[in-house]
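Notes follow the structure.
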Amino acid sequence: MKEYKRPEYHFVRNPGGLSGSELAKLSDDELSRHLSGDSYQREKKNYRIKSGYIIREIAGEYAIVPAGTECEALPENTVTAPDSSAVFIWKSFEQPSTLEDVVIRGMLEYGVAEDKMRSSVESFAADALECKILEEVNKL
């Protein structure tokens, strides 16, 4: 008997610029090589906020506080005050998510263009990875 796995899918941008009809004509091996490119692999990576950081709403404003011993990047007495869009992205990464998944959720939440949301999510992720607030994880 086969093992049941929870259904999962992700929206992934076409990494090589081929049209849908051109992709459909590729053999399985050609499609596999095409999809194994860096941008496709990057979009499949899952990220989440590292444990030890908490976000709190206080009097209608949000604050991000490093509260754990794993918080290397920010001094323990530092508080960050994100705006509502940053809070949305932060909360999206509280559970393992791909950048693409967060972009799609953000577009649906805010009704903004893909390029604007993608820029915001990628900028957040780059900064958070550099500060070691966001980590790459295997989705379970």
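Readers should treat all values here as calculations from the given coordinates under stated rules, not as data from a laboratory. Only a predicted model underlies this, so the values are computations on that prediction, with no experimental measurement involved. Glycine also receives a Cβ, built like all others from the backbone with ideal geometry; neighbour counts cover every protein chain displayed.
Per-residue Karplus couplings for the stretch 84-89, computed as 6.51 cos²θ - 1.76 cosθ + 1.60 with θ equal to phi - 60°, are listed in order as 5, 5, 5, 5, 4, 5 Hz, Gly and Pro entered as x.
Between ASN138 and SER21, the FRET efficiency estimated from the beta carbon spacing at R0 = 41 angstrom works out to 0.75. Given LYS44/LYS116; LYS50/LYS116; LYS2/LYS45; LYS45/LYS116; LYS2/LYS116; LYS2/LYS44, which pairs have Cα atoms separated by over 32 Å? Checking Cα-Cα distances, LYS2/LYS116 exceed 32 Å.
Put a dot 7 Å past the Cα of ALA67, heading toward its Cβ, do the same for SER32, and the two dots end up 4.7 nm apart. Check LYS50: other-chain or 5+ apart residues with amide H under 5 Å from its amide H, H built from backbone geometry? For LYS50, whose amide H was placed from the backbone, the distant partners under 5 Å are LEU134, GLU135.
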